[in-house]
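Participant: Supplied in structure tokens, the structure appears directly below.
The values are calculated or read from the model by the stated rules, or taken from the named source; none is laboratory data. Computed from a predicted model, the values in this text were never measured in an experiment. Reconstructed Cβ throughout: ideal geometry from the backbone, glycine too, with neighbour counts over all protein chains shown. Please note that ligands, DNA and RNA were not included when accessible areas were found on the heavy atoms of the full protein model with its side chains. Shrake-Rupley method; radii C 1.70, N 1.55, O 1.52, S 1.80 Å.
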Amino acid sequence: MKQILALVVLFVAGSAALAQEVLPSISKRFAPGAAPSELPNFQRHVVTLLGRLGCNGRNCHGSFQGRGGFKLSMFGFDFDADHTALVGGKRPKVDKGDPLESLLLAKPIDAENHGGGERFKKDGWEYRVLRQWIAAGAKNDSDKAGKLTRLEVLPRELATDAQLQVIAHWADGTREDVTCLTRFASNDDGVAKVSDGGRVTFVGKGATYIISSYDGGVQSTLAIRPVTSLANEKYPDLKPATAVDAKIGGQLKKLGILPSELCTDEEFLRRVMLDVAGTLPTPQQVLEFRGDKSPDKRRAKIDQLLESPEYAAWWTTLLGDLTGLNAPLFLGNTEWAKVAGDQWQSWLQRRVRDNVGYDKIARGLILAVSRRPGQTYEEYAAEMSHYTRKKAPLEYADREFLDHFWHRGNVGQADEKALSFAHIFLGVRLDCAQCHKHPFDQWSQQDFKQFTAFFQRIQRGLAPDSIPMHAKLQKSLGNPEKLPAAERRAFYRKISEQGEPAPWREVYIAAPPKSPHILPRILGGDVVPITDVHPLEPLTAWLLRRDNPYFARAFVNRVWAHYFGRGIVDAVDDFNLGNPPSNKELLDYLAGAFVERGYDMKWLHREILNSHAYQRSWRPNETNALDEKHFSRAVLRRLHAEVALDALTTATLGAKARAAYLTKVADRRIYQQPTADLKRTEFGLAVFGKPLRITNCDCERQMDPSLLQAIFLRNDKDLVTLLERKDSWIKEVSAKDEPEKLVREAYLRSLSRLPTEAELKRSHTYLAAAATLQEGVRDLLWALLNTKEFITNH
């Protein structure tokens, strides 16, 4: 009996060992001279080979119009369509009766005129794979391929030139070397290049990723070559201020990059006030902070700013950018646009001020509907008017859900809602997957269709049970819909201000279809059956799971990018497998800790702002002068449009007028909603790139410098008005003032620091030569406002 058990154990162990064996590359199995008995699989081998050869790329047969009358699905994930394209049509590309006459063989070897030239040699392994597939009947057996569960790339990290090996793991236990069928790309050819066959060659110093793509799998391999010899035991022992510094320091040590020194107190104050509160420090604030000798003053300033109304205003605006608040363009009927926009803004502002968890904010947006459970349309209309009445209005911000989020006119269709959701809450661009396989990620067009199915029932307008009540209300008001638009708007405003019910439109959940065409499926997850509950409940539950790979990471990455000028994943709204984070440990830490602390936004701000990484100087050293993605120093960042114009205002106003301006936070540009179009946008805001919140792209906010911005600062009438208005600082200057004091004031007002001795001497000389002291001070302040030091955060 013991012998039988031993044999069974040996048999099981042997079977497991066989299952773990890696099937040799198909290039070896079908090499000239080999006698393969297997049949190539259409999905695993034929389609991926065409992808490897570039046949289904966007510049060849994968383009929307195809090439030479032959069209394949882009990047090859519509197997049925590709098979039909190969075997069907007036001129099939395969000849089952005479495989050697197939265009699929003749074209790539250039035996018949081929616009793409020769792609492989006759009787090479590629030729033999396709010939064998055609000879066996050119079958579409993709349904037998199974699911690719994992793509493994070896070695996992590179420090020297090397050959990559790619192993596909399939659900049936098969493991196959697919290096010859894999597409390779380097994210930075200046550091390392990769050949079509996966050979990596370093050409410079630094770090990059080599991206390997096969079937639906994408994998990244870190290729890193130290910048200096400090990458070994010579690297100094740097004491981190926070876990952020430890994560960054580990990578800098690998690269042999030394971080810059900490910035000065004046630089820190200016930087943190502009970043957190969107506000330029006053001269008094600079001098007080400069004179403060307490060792913990930077941490105290951060805490103070996070409790300020300016923080709540500025970060409300940034969340408005993210969530798409544009009242004039998108929010409901024209008469309610301004009201709805103000309500949206107040809803966000309350939550930023009170530090409500970001998960709760997301739930309040995603699961929003207009009417509460059991609430009639009449009750809803009355409630909405109670928010707008002049006498003792209710606070819209008290509502749990922000129904205006789904009332936006640019997310009327289900696919628009899906794209917006992915952009805002996942940091993912799904636009490509609308039409074809995503080139750098796992998402196919079918994935997009199933994801979109979640949003089909989210509707705006009037629910079926609301229509009779809406008509009744309209009739009781004298059918104002027949009035001209301007009169109708005035009428609705009047009755709503009186607290009387007005005919608001609503966001509602349509009834589930009896036989859904496509079942909703979570990205990378399971199919979710249609139920009577809110269709986005299961999607939200997945989103807020602790192990969700996107939600927390997307938010912390955006906050990081705000403070550093680039994301850990960059661009910040392009999370995909082909765009890995520059520091995975850092992103994992911030996202994990953010979730652990209940999505506490102020914790996230503090963790970043108190780090040495944030407080580094912009001045480079010999090792980090070329570093742009490892956060070894601060980078110069042009001021946001709203911040820039507010800064110009505070720098030029007289002391009394400036104090009044700074107390009215709600009237400042850092809390200003966008207008309907650029023509109606304040010129300065348009010049410096304030977004209209029209598109699903963080890039809509323009942060690049331009010639028009330089011209604006030099001689635009708006700037001239600021310098010469009655309550400007220039008008306060008199001939009795001490020139040296005026020079210091000008530098503190604009650059948030005192002038150097050389600057003081040069400025004093200029003032002495000016026609009048007031004219000289005006010229000095104008010159300072035109420096790079003023218009950037550094």
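Participant: Report, to the nearest 10°, how far helix 337-353 tilts away from the longest principal axis of the Cα atoms in the chain, using its own Cα long axis and a range of 0 to 90°.
Facilitator: Tilt relative to the chain: about 90 degrees.
Participant: Here's another thing I want to ask about it. How large is Rg/Rh for region 88-180, to two decimals, with Cα atoms and a Kirkwood Rh?
Facilitator: Result: Rg/Rh = 1.08.
Participant: Using the C-alpha gyration tensor of region 122-242, what are the square roots of 5 times its eigenvalues, in whole angstrom, with the largest one first?
Facilitator: Semi-axes, largest first: 38, 17, 10 Å.
Participant: Follow-up question, since we're still on this one. Over region 613-737, what percent of the accessible surface lies on carbon and sulfur atoms, probe 1.4 Å? Mind dumping the intermediate values first?
Facilitator: Details: 3520 of 6190 Å².
Here it works out to 57 percent.
Participant: Here's something else I'd like to know. Could you give the angle, 0 to 90 degrees to the nearest 10, between helix 773-785's Cα long axis and the longest principal axis of the Cα atoms of the chain?
Facilitator: Compared with the principal axis, the helix lies near 10 degrees.
Participant: Hey, another quick one. Probe of 1.4 angstrom, ligands and nucleic acids ignored: what's the accessible area per residue over the chain, in square angstrom? List each step's numbers first, then the result.
Facilitator: On the way: 36060 Å² over 794 residues.
Accessible area per residue, the chain: 45 Å².
Participant: Assuming a ≥ b ≥ c are the square roots of the Cα gyration tensor eigenvalues, decide whether region 192-326 counts as rounded (a/c under 1.5), prolate (otherwise, with a/b larger than b/c) or oblate.
Facilitator: oblate
Participant: Further, regarding this structure: Dipole magnitude of the chain about its Cα centre, charges +1 at Lys/Arg Cβ and -1 at Asp/Glu Cβ only, in debye to the nearest 20?
Facilitator: Around 540 debye, computed over the chain.
Participant: So what is the calculated 222 nm ellipticity per residue for the chain, using -39500 (n - 2.57) for each DSSP H run with n of 4 or more, over all residues, to the nearest 500 deg cm²/dmol?
Facilitator: -12000 deg cm²/dmol
Participant: Based on the Cβ-Cβ distance from residue 766 to residue 626, what FRET efficiency comes out when R0 is 30 Å, to the nearest 0.05?
Facilitator: Working: r = 37 Å, r/R0 = 1.24.
The calculated FRET efficiency here is 0.20.
Participant: With bins 10 Å wide starting at 0, give me the P(r) of region 648-727 over every alpha carbon pair, in whole percents.
Facilitator: 16, 40, 36, 8, 0
Participant: Hey, if you drop one equal point scatterer on each alpha-carbon of region 308-359 and run the Debye formula without solvent, what base-10 log of I(q)/I(0) do you get at q = 0.25, 0.31 Å⁻¹?
Facilitator: -0.91, -1.16
Participant: Another question about this same structure. Can you give me the solvent accessible area of residue 96 with a 1.4 Å probe, rounded to the nearest 10 Å²?
Facilitator: 120 Å²
Participant: May I ask for the percentage of alpha-carbon pairs in region 496-625 that lie more than 22 Å from each other?
Facilitator: The share of Cα pairs beyond 22 Å in region 496-625 comes to 57 percent.
Participant: While we're looking at this one, here's another question. Output the peptides 202-211, 553-562, 764-773 sorted from most to least packed, where packing is the average of other Cβ atoms within 10 Å over each peptide's residues.
Facilitator: Highest to lowest by the protection proxy: 553-562, 202-211, 764-773.
Participant: Select from 226, 782, 25 the residue farthest towards the positive end of the dipole of the chain; place +1 on Cβ of Lys and Arg, -1 on Cβ of Asp and Glu, and compute about the Cα centre.
Facilitator: Result: 782.
Participant: Next up: Given N residues in region 134-202, what is Rg(Cα) / (2.2 N^0.38 Å)? Could you put the intermediate results ahead of the total?
Facilitator: Working: Rg = 15.3 Å, N = 69, 2.2 N^0.38 = 11.0 Å.
Against the empirical 2.2 N^0.38 Å value, I get 1.39 for region 134-202.
Participant: Along the positive direction of the dipole of region 645-750 (beta-carbon charges: Lys, Arg +1; Asp, Glu -1; about the Cα centre), which of 666, 711, 648 reaches farthest?
Facilitator: Final value for the positive-end residue is 666.
Participant: Can I ask one more? To the nearest 20 debye, what charge dipole does region 567-722 have about its Cα centre, counting +1 at the Cβ of each Lys and Arg and -1 at the Cβ of each Asp and Glu?
Facilitator: 800 debye
Participant: A further question on this structure: Quick one: give the max-minus-min coordinate of the C-alpha atoms of region 341-497 along each principal axis, largest first, in Å.
Facilitator: Cα extents, longest axis first: 56, 39, 32 Å.
Participant: A further question follows. For region 713-762, with equal point scatterers placed on the C-alpha atoms only and solvent neglected, what are the log10 I(q)/I(0) values from the Debye formula at q = 0.21, 0.24, 0.32 1/Å, to two decimals?
Facilitator: Here log10 of I(q) over I(0) equals -0.89, -1.01, -1.10.
Participant: Sorted by packing (mean other beta-carbon atoms within 10 Å per residue), highest first, where do 133-143, 506-516, 242-252 land?
Facilitator: Final packing ranking: 242-252, 133-143, 506-516.
Participant: Project the alpha carbons of the chain onto their principal axes and report the range along each, largest first, in whole Å.
Facilitator: Ordered largest first, the chain gives principal extents of 101, 80, 68 Å.
Participant: May I pose another question? Collect residues whose amide H, placed 1.01 Å from N in the peptide plane, falls under 5 Å from the amide H of residue 653; neighbours closer than 5 in sequence don't count.
Facilitator: 729
Participant: Consider all pairwise Cα distances in region 608-681 and report the whole-number % of them above 15 Å.
Facilitator: 70 percent
Participant: Cα convex hull of region 249-339: how many Å³ per residue? Show your work: numbers first, answer last.
Facilitator: Values: hull volume 14.6 nm³, N = 91.
So the per-residue Cα hull volume is 161 Å³.
Participant: Follow-up. Normalised by the residues of the chain, what does the relative contact order come to in percent, with Cα pairs under 8 Å and at least six apart?
Facilitator: 12 percent
Participant: List the relative contact order of region 496-587 as a percent without decimals, with contacts defined as Cα pairs under 8 Å and 6+ residues apart.
Facilitator: Relative contact order, region 496-587: 14 percent.
Participant: Note the full-extension length gain between residue 34 and residue 143 as 0.36 nm times their separation in residues minus their Cα-Cα distance, in nm to one decimal.
Facilitator: 36.5 nm
Participant: Let me check I have the definition right: for region 405-542, take the eigenvalues of the Cα gyration tensor, multiply each by 5, take square roots. What are those semi-axes in whole Å, largest first?
Facilitator: 38, 17, 12
Participant: Not counting ligands, DNA or RNA, and with a 1.4 Å probe, what is residue 229's accessible surface area in Å² rounded to the nearest 10?
Facilitator: Ignoring ligands and nucleic acids, residue 229 comes out at about 70 Å².
Participant: Same structure again: Which one of 153, 329, 397 has its Cα pushed farthest toward the positive end of the charge dipole of the chain, where Lys and Arg give +1 and Asp and Glu give -1 at the Cβ?
Facilitator: The Cα lying farthest towards the positive end belongs to 329.
Participant: Pairing the Cα long axis of helix 2-20 with the longest principal axis of the chain, what angle in degrees results, from 0 to 90 and rounded to the nearest 10?
Facilitator: 60 degrees
Participant: Straight-line reach from residue 584: which lysines have Cα under 19 Å away, leaving out those fewer than 8 places along the same chain?
Facilitator: 247, 253, 254, 629
Participant: Another question, if that's okay. For region 283-403, restrict the atom set to alpha-carbon positions and state the Rg and Dmax in Å.
Facilitator: 18.8, 62
Participant: Right, another one. Rounded to the nearest 20 Debye, what is the dipole magnitude of region 180-244 about its Cα centre when Lys and Arg each give +1 and Asp and Glu each give -1 at the C-beta?
Facilitator: Values: 7 positive and 6 negative charges, 32 e Å.
The dipole magnitude comes to about 160 debye.
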